[in-house]
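Down below is the structure, laid out as structure tokens.
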There are 2 protein chains.
Amino acid sequence: MTRTVSNAGPRLSVLTNPRAERVKAVRALGRRSARQRAERFVVDGPQGVREVLRFAPGSVTDLYVDDAALQRHRDLVDVARDANLPVHQCSSAVMAALVDTQHPQGIVAVCRPVDVPVADALADDSGFVVILAHVRDPGNAGTVIRSADAAGARAVLLSDASVDLYNPKVVRSTAGSLWHLPIALGGEVAGLIAACREHGRRVLAADGAGATLLPEADLSGPHAWLMGNEAWGLDEATRDLADDVVRVPIHGHAESLNLALAATVCMYASADRSAVHPTS
Amino acid sequence: MTRTVSNAGPRLSVLTNPRAERVKAVRALGRRSARQRAERFVVDGPQGVREVLRFAPGSVTDLYVDDAALQRHRDLVDVARDANLPVHQCSSAVMAALVDTQHPQGIVAVCRPVDVPVADALADDSGFVVILAHVRDPGNAGTVIRSADAAGARAVLLSDASVDLYNPKVVRSTAGSLWHLPIALGGEVAGLIAACREHGRRVLAADGAGATLLPEADLSGPHAWLMGNEAWGLDEATRDLADDVVRVPIHGHAESLNLALAATVCMYASADRSAVHPTS
């Protein structure tokens with residue numbers, strides 16, 4: 001059931017039926033298969049919506065807001081309307097049905113994928129990029145993308161057999177960084193390493209088994225950090241494909257750092273020792 | 001109900017009643033009030049148990065193992081027995097009743113607190129320490145303790161109004177680092193800052209509002225990193241107590257790094273620029 005109301009802004013249709021086909025179709029985007037079939041994914045909450053409207057407004061196909069969010073996030077709704085994006089006002093029951101979140105924040109965007117081909121992600125051959133090899137945990141993948149952004153990475157390459165970039169938990173964990181730097185998807189790790197090398201990058205595997213300590217690693221030229229799975233790291237065959245295997249020094253008695261922390265320390269070492277200058 | 005069985009090792013009493021007072025008393029340690037009353041906390045799973053047996057065996061009062069863990073973690077049980085610690089074999093129903101964990105790992109130690117007075121934590125006046133001011137999230141607190149250990153911090157000071165160090169999630173997130181370096185608890189942030197200064201340490205507040213970029217911060221002498229709450233950071237009055245306010249440069253479009261990532265980058269900068277040498 002759709003009814004039309006008038007308010008201070010343009011006329012909005014209000015979605016009130018949580019069992020409507022349109023609502024079910026958005027809800028289904030919680031599943032990878034549905035995302036791939038529809039070539040759409042969901043951005044849930046004002047932080048993500050703000051970033052996608054700012055950095056990739058053309059990728060937004062629909063915006064859904066409940067009454068409270070319509071007031072609280074008026075600025076975002078205005079931006080969406082100015083860009084002629086369809087804005088759908090929803091009842092809170094519809095909002096709860098749209099996304100499988102414990103605490104819905106009242107604003108949801110449906111978006112087209114934003115990943116780019118590997119060659120495009122590697123077009124800028126300065127600084128450093130990150131290859132995520134078989135990273136499975138959504139929070140880890142998203143957090144590494146966020147810190148790659150913060151550390152000034154030129155791109156992130158996510159291998160096949162990794163978590164889906166458009167998994168809602170990945171999207172949330174990136175805290176908007178999903179739209180801040182080029183991200184390429186898929187392909188075997190060996191192919192991604194080869195592509196980096198073809199684009200003039202040294203490949204540095206980050207691994208506790210590395211012979212080179214991070215403070216002694218050569219980070220001067222264009223390079224790629226290769227980060228392995230959170231549980232089992234990088235296998236020997238993959239490490240052998242790298243130009244160097246680098247370990248973050250462990251000074252105390254800790255066994256290791258987790259993936260996101262190790263990746264962040266490596267990337268900030270790159271930022272610190274190459275000529276990347278802060279933008280803020 | 002307790003029955004005694006004989007097996008290849010010494011005779012063990014087997015706990016089979018999940019409603020026994022002893023079992024309830026361990027379960028109750030999931031609550032802060034019960035931990036404070038009993039002056040005990042729980043270490044759940046082989047990683048934590050291994051580390052406490054290795055670094056603070058005298059703090060363990062009881063070890064509980066189910067049948068599967070008795071086989072799988074024979075080495076830990078042997079260490080506990082060699083140290084004359086009471087080892088209690090449990091049915092799986094008792095193990096499930098001992099701790100509130102989704103996936104019990106079959107081995108649980110009950111331990112005495114291991115925190116030390118602030119003055120003791122600051123006795124080693126070299127390198128750097130970390131002050132956690134009002135950190136509320138258990139995973140963040142535990143992760144920062146783990147990375148403080150890895151980066152070679154001399155101590156961690158946890159202010160009042162922070163998460164309880166002995167919260168099971170904090171204990172788990174430290175991945176054993178809880179026993180690897182001195183940790184002092186409680187006291188107001190201002191008092192902890194003053195104590196650091198009395199012990200000859202400069203105090204560096206890590207905050208996005210800082211005027212000094214991390215690569216330009218003076219990390220040469222003994223210092224203390226002051227890290228604020230994960231959501232609201234450090235308030236201005238607290239920042240004003242520090243000798244310098246330092247920010248991690250943000251090179252891309254990310255708004256910030258999360259607490260654990262920012263703390264780790266700061267601490268590794270300290271490790272890298274002071275003369276802390278890796279132990280592994």
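Read the figures in this text as sums done on the coordinates, not as results from a lab. What you see is a predicted model, and the numbers here were worked out from it, not measured in a lab. Counting neighbours? That spans all protein chains shown, and the Cβs are built from the backbone with ideal geometry, glycine included.
Points to keep in mind about this one:
- P(r) of chain B over all Cα-Cα pairs, binned every 5 Å from zero, in whole percent: 1, 6, 12, 16, 16, 13, 10, 9, 7, 5, 3, 1, 1, 0
- A crude spin-label estimate for the pair A:E39 and B:A28, with each label 7 Å from Cα along the Cβ direction, gives 6.3 nm.
- Rough spin-label spacing in nm, given labels placed 7 Å along Cα→Cβ, for A:S220 and A:E21: 6.4 nm
- Each Lys or Arg adds one and each Asp or Glu takes one away; over the other residues whose Cβ falls under 12 Å from the Cβ of A:A119, this sums to -4.
- Ratio of Rg to Rh for the range B:76-142: 1.10 [Cα atoms; Kirkwood radius as inverse mean 1/r over pairs].
- Rounded tilt (10° steps) of A:138-151 against the dominant C-alpha axis of chain A: 70 degrees
- Normalised alpha carbon radius of gyration of the range A:2-111 [divisor 2.2 N^0.38 Å]: 0.98
- 7 Å along Cα→Cβ, label-point gaps from A:T16 to other copies, nm, shortest first: 6.2
- Taking the C-alpha atoms only, the angle from helix B:189-198 to the longest principal axis of chain B is near 70 degrees.
- Relative contact order (%) - the range A:118-273, alpha-carbon pairs under 8 angstrom, separation at least six: 29 percent
- Under 22 Å of direct C-alpha separation, and excluding same-chain neighbours fewer than eight residues apart, B:K169 reaches these lysines: A:K169, B:K24.
- Between the helical axis of B:46-55 and the longest alpha-carbon principal axis of chain B there is an angle of about 70 degrees.
- Two-decimal Rg to Rh for the protein assembly as shown - Kirkwood Rh, Cα set: 1.00
- Placing a label point 7 Å from Cα along the Cα-to-Cβ direction at A:D240 gives distances to the equivalent points in the other copies of 6.3 nm, listed shortest first.
- The range B:118-273 - Rg over Rh from alpha carbon coordinates, Kirkwood radius: 0.92
- Inter-part distance, the range A:119-139 to the range B:24-48, computed on C-alpha centroids, equals 43 Å.
- Modelled FRET efficiency - R0 35 Å, B:D120 with A:A209, Cβ distances, 0.05 increments: 0.45
- Remark: relative contact order (chain B) = 18 percent; criterion is Cα-Cα distance under 8 angstrom and separation of 6 or more residues.
- Beta bridges per DSSP, both residues in the range A:118-273: antiparallel share near 5 percent.
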